[in-house]
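So the structure is just underneath, and the comments pick up after that.
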Amino acid sequence: MSCTVRIPSPLRSYTAGASMVAAEGGSVAQVLASLERRFAGIRFRMIDEQSRIRPHIRLYVNTTEVTALSQAVATGDIVHVICALSGG
């Protein structure tokens with residue numbers, strides 16, 4: 001299944017500046033694995049060593065927040081990657 005992934009600006013150095021990329025997979029985990037094959041190192045910026053979504057990252061499939069990497073992704077879905085901002 002093919003979907004679109006919206007890449008936030010802090011991660012665009014992995015995608016040669018692309019803000020949207022295509023990925024394959026029937027689950028969020030498979031979509032992230034597809035991204036990793038094309039853009040080495042990007043998955044680690046979103047997912048930690050225990051396969052959990054990092055605290056400063058939010059993932060959405062269309063408008064539904066991802067709570068588990070097993071969440072289904074259908075053809076034509078848009079996976080949004082959101083990075084928290086901080087500062088002071």
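We did not get these values from a lab; they are worked out from the coordinates using the rules stated. The shown structure was predicted, so the numbers you read here are calculated from the model rather than taken from an experiment. As a convention, Cβ positions derive from the backbone with ideal geometry for all residues, glycine included, and neighbour counts pool all protein chains shown.
Residues in the stretch 48-60 that are free of Cβ contacts under 8 Å to residues at least 24 places away in the same chain and β-branched (Val, Ile, Thr): how many?
So the count comes out to 1.
Are there any pairs, at least 6 apart or on different chains, whose C-beta atoms fall under 6 Å, with the first in the stretch 22-47 and under 18 Å from Val66 (Cα atoms) and the second polar (S, T, N, Q) and part of a helix (DSSP H, G or I), and if so, which?
Ala23/Ser34; Glu24/Ser34; Gly25/Ser34
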